[in-house]
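Step one of this worksheet: look at the structure below.
The values are calculated or read from the model by the stated rules, or taken from the named source; none is laboratory data. These numbers come from a predicted model, not from an experiment. Don't worry about glycine lacking a Cβ; one is built from the backbone with ideal geometry, like all the others, and counts go over all protein chains shown. Just so you know, the surface numbers come from the protein's heavy atoms only, side chains and all, with ligands and any DNA or RNA stripped out. Shrake-Rupley method; radii C 1.70, N 1.55, O 1.52, S 1.80 Å.
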Amino acid sequence: QVQLVESGGGLVQPGGSLRLSCAASGSIFGRYDMNWYRRAPGKQRELVASISRSSRTNYADSVKGRFTISRDSAKNTVYLQMNSLKPEDTAVYYCNAVNLPTNYWGRGTQVTVSS
């Protein structure tokens, strides 16, 4: 069993930055691909960024060039650095660890971008 705990969300002005963290209870690296999703009010869940077991990264077009996913194996933590934030980035952000059919989710952290 893997537990994921997100942190780092909050209220930020447009153009600002936040760094989200996802701390895993056990060793996940080398075993799971890691993803950040988000769900905005009234919208479907969206895959924002991924980092595979081989360290390949992928991003949604809407965040390319602004967001960066990374991981620290020693800390069992995945990060999402978010720069140049826009109001449309407002959402609950969820961490996900996947190695099908196994799929773990965190409870999410709220990010609000508003002036």
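Quick rundown of the values:
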| quantity | calculated |
| --- | --- |
| Pairs with Cβ under 8 Å, 6+ apart, first in region 38-56 and charged (D, E, K, R), second assigned to a loop (DSSP other than H, G, I, E, B) and open to solvent by 70 Å² or more (accessible area, probe 1.4 Å) | ARG38/ARG45; ARG39/ARG45; ARG53/ARG31 |
| Condition check for LEU4: surrounded by 13 or more Cβ atoms within 10 Å (Cβ to Cβ) and either over 12 Å from the mean Cα position of the chain (by Cα) or closer than 22 Å to SER115 by Cβ (or both) | no |
| Residue within region 74-84 that is of a type outside the set (Phe, Trp, Tyr), more than 20 Å from TRP105 (Cβ to Cβ), without any contact (Cβ under 8 Å) to a residue 24 or more places away in the chain and out of contact with any helix residue (DSSP H, G or I) (no Cβ under 9 Å at 6 or more places or on another chain) present | yes |
| Of residues in region 32-51 being over 13 Å from the mean Cα position of the chain (by Cα) and surrounded by 13 or more Cβ atoms within 10 Å (Cβ to Cβ), the one modelled with the lowest pLDDT | TYR32 |
| Pairs, first free of Cβ contacts under 8 Å to residues at least 24 places away in the same chain in region 99-115, second open to solvent by less than 90 Å² (accessible area, probe 1.4 Å), C-beta under 8 Å, six or more apart | ASN103/ASN96; ASN103/ALA97 |
